[in-house]
Amino acid sequence: MSEPLLSEAAEHGRPHAEGGEHGAHPTDAQYVRIAVILALVTAVEVGLYYTSFSKIATNTLLLGLAGIKFVMVAAYFMHLKFDNKILRRLFVTGFVLATFCYIAYLLTLGVFI
Amino acid sequence: MAAEPTTLGHEQQATAVKDHGHVTNTGLSNEKLAMWVFLGSECLLFGALISSYFLYRGRSVSGPGPEDVYDIPYTSVSSFVLLMSSLTMVLALAAIQRADYRRLRVWLMATALLGATFIAGQVYEFTTFIREGLTISTNLFGSSFFVLTGFHGVHVTLGIVMLLSLWNLSLRGRLQQDKAEVIEIAGLYWHFVDVVWIVIFTVIYLIP
């Protein structure tokens, strides 16, 4: 193997292959940094599971950290941050509506009350 | 969603034709838009399954509960493996966009292997739970847990099949730089499966 797998050729951000409003994709090294952050957040989540903070505080923190991971994967790995705004609006609108719909459904059945 | 050429601006038409060889109302490829719409419908599917888990949580009258069977360190490692497979997937996309086909195949195979490792871990977890007396018909917790995580496992398995097919196409030289969008669309599916697990890992395993 003569070349490293993380190519230096990817030093500069690649233009997106899609039309519309967009920016350059992250480099390979930036993708690795994002993955390291995701791994660290996961480690913090697991650490929180074993702590003896108040249940409400722990659960809120866990949900917040999961939200950060979700947004990072969607924004950087799925390229929603760089893609056409139509895709971002389509996914975010659908996701938010689905979340509110199911929370309302569960509240109706008294799950969180 | 093909549009009358007159309804598009010249710049939009030029971009669409240059990128994918076809013109659409949005300037986006129909395949990619369709994948995002599909992922939106998948949000509803997994939302329903997660809601069912919440609905039935703590209502089992017999059999083992979550605190009796969950092995958090083990599941944490599985989650880490799936998270890293998203990195290798995005590196595969970056490779084909540079026309670097050797690295494309390396990262596609790495993603498939990490996915297979996750599935092997899930099979081991399921068999352990069954040995400890929790099956899909033991109680409400067992039913909602196995259906939710089982559906996710099926999605990962389909993703692995997709990745191996792409690897095979690349090996035969039928996946060139101009087909980078195929990898991007497969990647969207794979990353979605990853974000679903991010939610499942937190709300099902970590939040008691």
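For the reader, a short list of remarks on this structure follows.
- Condition check for A:F82: surrounded by 15 or more Cβ atoms within 10 Å (Cβ to Cβ) and either touching a residue at least 60 places away in the same chain (Cβ under 8 Å) or outside any helix (DSSP H, G or I) (or both): yes
- The lone exception for B:E67 - which of (1) at pLDDT 85 or above; (2) of a type in the set (D, E, K, R); (3) buried (at least 16 other Cβ atoms within 10 Å of the Cβ) it fails: (3)
- When the stretch B:163-179 is filtered for residues that are buried (at least 18 other Cβ atoms within 10 Å of the Cβ) and at pLDDT 95 or above, the ones remaining, listed by number, are B:L163, B:L166, B:W167, B:S170.
- Test result for A:F112, part of a helix (DSSP H, G or I) and without any contact (Cβ under 8 Å) to a residue 40 or more places away in the chain: no
- Of the residues making up the stretch A:24-64, those that are surrounded by fewer than 15 Cβ atoms within 10 Å (Cβ to Cβ) and assigned to a loop (DSSP other than H, G, I, E, B) are A:A24, A:Y50, A:T51, A:S52, A:F53, A:S54.
- The set of residues in the stretch A:83-111 being at the interface with chain B (Cβ under 8 Å from one of its Cβ atoms) and among the aromatic types (F, W, Y) consists of A:F91, A:F95, A:Y102, A:Y105.
- Options B:Y189, B:Y205; residue that is in contact with a Ser or Thr (Cβ under 6 Å, 6 or more places away or on another chain), closer than 18 Å to B:L83 by Cα and of a type outside the set (K, R): B:Y205
- The lone exception for B:F54 - which of (1) more than 30 Å from B:G173 (Cα to Cα); (2) of a type in the set (F, W, Y); (3) more than 8 Å from chain A (Cβ to nearest Cβ) it fails: (3)
- Extreme residue, nearest to the chain's Cα centre (by Cα), among residues of the stretch B:120-161 that are crowded, with 18+ Cβ neighbours inside 10 Å, of a type in the set (A, V, I, L, M) and closer than 25 Å to B:I185 by Cα: B:V156
- Condition met for B:V195 (crowded, with 23+ Cβ neighbours inside 10 Å and within 14 Å of chain A (Cβ to nearest Cβ)): yes
- Of the residues making up the stretch B:20-37, those that are touching a residue at least 40 places away in the same chain (Cβ under 8 Å) and not hydroxyl-bearing (S, T, Y) are B:H20, B:E31, B:K32, B:M35, B:W36.
- A:V73 being within 9 Å of chain B (Cβ to nearest Cβ), surrounded by 14 or more Cβ atoms within 10 Å (Cβ to Cβ) and in a loop (DSSP other than H, G, I, E, B): no
- For the stretch B:71-87, residues that are within 13 Å of the chain's Cα centre (by Cα), more than 7 Å from chain A (Cβ to nearest Cβ) and among the polar types (S, T, N, Q) total 1.
- When the helices (runs of 4 or more DSSP H) confined to the stretch B:19-129 are screened for residues that are hydroxyl-bearing (S, T, Y) and in contact with a helix residue (DSSP H, G or I) (Cβ under 7 Å, 6 or more places away or on another chain), those reaching at least 1 such residues are found at B:30-56, B:72-97.
- Taken together, the criteria exclude B:S170 from residues that are within 14 Å of chain A (Cβ to nearest Cβ), of a type outside the set (A, V, I, L, M), in contact (Cβ under 8 Å) with a residue 60 or more places away in the chain and more than 23 Å from B:F54 (Cα to Cα).
- Residue match in the stretch B:8-18 (condition: in a helix (DSSP H, G or I), farther than 30 Å from B:T127 by Cα, at pLDDT 80 or above and within 10 Å of chain A (Cβ to nearest Cβ)): no
The values are calculated or read from the model by the stated rules, or taken from the named source; none is laboratory data. Predicted model, so just to flag it, every value in this text is computed and none were measured. Glycine also receives a Cβ, built like all others from the backbone with ideal geometry; neighbour counts cover every protein chain displayed.
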